[in-house]
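*Asks:* Can you read through this structure? Questions will come right after.
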Amino acid sequence: MSVRPKLYISQGIPEDGEAIKLYREQCEITMYDEKKGGVVSVPREEFLRSIKGVDAIHLAYSAKIDNEALDAAGLLKLSEIIVNCIIWCPQLKVIGTMSVGLDHLDLVECSRRTVKVRYTPDVLTDTVAEAAIALTLATARRHKEGMADVMNGVWGFTWSNSLYLCGKNIKGSTVGIVGLGRIGFEVARRLKAFGISHLMYCGRTPKDYASEVDGEFVAFDDLLKQSDFVIACCSINPSNHKLFSAEAFKKMKSSAILVNVSRGVLIDQDALYDALKTGELYAAGIDATTPEPLPVDHPLLTLPNCTVLPHLGSASINTRHAMANLTTRNILAGLKGEPLPAPVPSQK
Ligand code: DGY
């Protein structure tokens, strides 16, 4: 009887889906149980313990793969293998992250230790773009305040208060997209249909496909100064942590709206609180925070002009299944030594 590969799953995947069925047929599974664990994401200690001796990890973006985790999984560094002339067959062969974001993985170290890493690009692009549009509209049109008024039974429209909960139009506005990658481009395409007057974007390099959305490549500072809506769709790297700082907020129009569907680390949340509280910034809609979940007593949650969502960007039923299925295909192919459907971009 052949030994089935050991797989660790760090966060729930759809119960009734193809992914879990395939895993059950082909692998010995250990899975984080949040009901037993008491918290949504696997605690670090438990994660490190659980990945010892596994052949594959099905990862959620909430669990970090760094040197410590790779040590815990028993992966030697290439230098150790060479220096000690070890003939080495590592147990951990593949990590499949169920995300397009890769900021929770040290990819350079993974490649040094020869573990394959795969992710889930493309399958969630439209869903995250739709989420960005929803959050932009909800923030611009003050849905959080409206829903609170409904719940509290204090609807306020009267003839003497005719601007009750009036917000901003997207039509005619200047929109700045930070990161015109797959998701940013789809957000731009959708916003064009709203009749925006000008689309700007910034990033590392101009994109040739930007002409399809009449996008103008500008410097980050110019984008901040001119945009009515700034929508962050970029991937995360060490250089853009707290890109949205107190200085950045000062450069933005006081009538501007910031939307973030990327990662929480992009924003200095204390500075965001101050900017929103003092009216330096009109409103913000954020789908990602630091930490996640955001503690219920966090100051940002007290602000009527700050809409916070619990990282729902890719949360449609079809897309969640598609992400799980692609991760499973990535992992099973990796275990069999077959070409992998979605390798991560090569790291220098
Ligand atoms: C991603 O794929 O990176 C999302 O943020 C997770 O849903």
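*Asks:* What number of residues within the stretch 128-147 satisfy the criterion of being over 10 Å from VAL187 (Cα atoms) and outside any loop (DSSP other than H, G, I, E, B)?
*Replies:* Of the residues in that region, 12 qualify.
*Asks:* Which residues, taken from the stretch 289-333, are polar (S, T, N, Q), more than 30 Å from ILE29 (Cα to Cα) and within 13 Å of the ligand (Cβ to nearest atom)?
*Replies:* Selection gives THR289 alone.
*Asks:* Return the total of residues in the stretch 181-208 being assigned to a loop (DSSP other than H, G, I, E, B), out of contact with any Gly (no Cβ under 6 Å at 6 or more places or on another chain) and farther than 27 Å from VAL150 by Cβ.
*Replies:* Qualifying residue count for the region: 8.
*Asks:* Go through the stretch 224-239 and report how many residues are farther than 24 Å from THR127 by Cα and touching a helix residue (DSSP H, G or I) at 6+ places or on another chain (Cβ under 9 Å).
*Replies:* 2
*Asks:* Continuing with the same structure: Quick check on the stretch 136-152. Is at least one of its residues over 30 Å from GLU338 (Cα atoms), loosely packed, with under 15 Cβ neighbours inside 10 Å and in contact (Cβ under 8 Å) with a residue 24 or more places away in the chain?
*Replies:* So far as the stretch 136-152 goes, yes, one or more of its residues are over 30 Å from GLU338 (Cα atoms), loosely packed, with under 15 Cβ neighbours inside 10 Å and in contact (Cβ under 8 Å) with a residue 24 or more places away in the chain.
*Asks:* Which numbered condition trips up LYS207, out of (1) away from the ligand (no atom under 16 Å from the Cβ); (2) farther than 19 Å from ILE236 by Cα?
*Replies:* In the conditions (1) away from the ligand (no atom under 16 Å from the Cβ); (2) farther than 19 Å from ILE236 by Cα, LYS207 misses (2) alone.
*Asks:* Show the residue pairs meeting these rules: Cβ distance below 9 Å; 6+ apart or different chains; first residue within the stretch 51-66 and at positive phi; second residue in a loop (DSSP other than H, G, I, E, B).
*Replies:* GLY53/ALA73; GLY53/GLY74; GLY53/GLN91; GLY53/LEU92
*Asks:* Just one of (1) among the polar types (S, T, N, Q); (2) assigned by TED's automatic domain parsing to the domain that holds GLY12; (3) more than 16 Å from the ligand (Cβ to nearest atom); (4) part of a loop (DSSP other than H, G, I, E, B) trips up SER111, so point out which.
*Replies:* So SER111 meets the others, but not (4).
*Asks:* Let me ask something additional. Which condition breaks for ASN260 when tested against (1) under 20 Å from THR302 (Cβ atoms); (2) away from the ligand (no atom under 16 Å from the Cβ)?
*Replies:* Among (1) under 20 Å from THR302 (Cβ atoms); (2) away from the ligand (no atom under 16 Å from the Cβ), the lone unmet condition for ASN260 is (2).
The values are calculated or read from the model by the stated rules, or taken from the named source; none is laboratory data. What you see is a predicted model, and the numbers here were worked out from it, not measured in a lab. We place every Cβ from the backbone using ideal geometry, glycine too, and count neighbours over all the protein chains shown.
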